[in-house]
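The structure under discussion appears below in the form of structure tokens.
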Amino acid sequence: SLYPLGKEQRENVYQAANAPIGYSMCPICSSNCKIGGPVWSDSIHNFDFISLCIKEVKANKSIYGTFRRIEGLLSVIGEELPDTPFYYVPDDMFSVIRSSTPPSLELHSAFAHLGYLTSYTHCKKNAFKTNAPSKGKNVL
């Protein structure tokens, strides 16, 4: 089925459309769901290419003034979970329940203890990706 992605609130002011009936409330937080997108749900990185970039940067350190920063970013990208389009920001997640954010190592360890994988993401500091289902994040 096709649904409009947005609606005109007033002239030249638009907002995201509500989700269709049956999907209009988030089963996790009970907030209203909005339609968003488009979302690229496939892998976003070519890991062979990332490896080549890391080798190139290491071989030519002298021409890259920010060598360590470039190498660090490429390393994080190279370690991201493949086929995991979304990432989570712990500070945002824990602010919803008005709790302090535990250290990253504790969060990653909790998911690992439950059998899930995690990785940092290059998108935002301290954010992570996981293969845990959305309901699995309620464990936090």
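Nothing in this text is a laboratory measurement; each read-out follows from the coordinates by a stated rule. Because the structure is predicted, anything quoted here is derived from the model rather than measured. All Cβ positions, even for glycine, are placed from backbone atoms using ideal geometry, and neighbour counts span all protein chains on display.
What relative contact order, as a whole-number percentage, does the chain give when Cα pairs under 8 Å and 6 or more residues apart are counted?
Working: 149 pairs, mean separation 25.4, N = 140.
Averaging sequence separation for qualifying contacts and normalising by length gives 18 percent for the chain.
For every other residue with a beta carbon closer than 15 angstrom to the beta carbon of N60, add +1 if it is Lys or Arg and -1 if Asp or Glu, then tell me the sum.
+3
Counting Lys and Arg as +1 and Asp and Glu as -1, what is the net charge of the other residues whose Cβ lies under 11 Å from the Cβ of D91? Spell out each step's value before the answer.
Numbers: positive: K124, K125; negative: D92.
Taking every other residue near D91 into account, the sum is +1.
If you stretched the chain out fully between S51 and R10, how much longer would it get, using 0.36 nm times the residue separation minus the C-alpha to C-alpha distance?
Values: separation 41, 0.36 × 41 = 14.76 nm, distance 4.91 nm.
Here the answer is 9.8 nm.
Tell me the trypsin sites (Lys or Arg not before Pro) within the range 77-140 that lie in a loop according to DSSP and have at most 12 other beta-carbon atoms within 10 Å. Write down the numbers at each step before the final one.
Details: sites: R98, K124, K125, K129, K135, K137; in loops: R98, K124, K125.
Here the trypsin sites (Lys or Arg not before Pro) that fit, given the DSSP loop and packing criteria, are R98, K125.
Quick one: give the max-minus-min coordinate of the C-alpha atoms of the chain along each principal axis, largest first, in Å.
56, 40, 27
How would you rank V39, V89, going from fewest to most other Cβ atoms within 10 Å of each one's own Cβ? Write out the running numbers ahead of the final one.
Details: V39 7, V89 16.
Going from least to most buried by this count: V39, V89.
Pull out the extension gain between I35 and T66, defined as 0.36 nm times the separation in residues minus the alpha carbon to alpha carbon distance; nm, one decimal. Please list the in-between numbers first.
Values: separation 31, 0.36 × 31 = 11.16 nm, distance 3.95 nm.
Full-extension gain reported as 7.2 nm.
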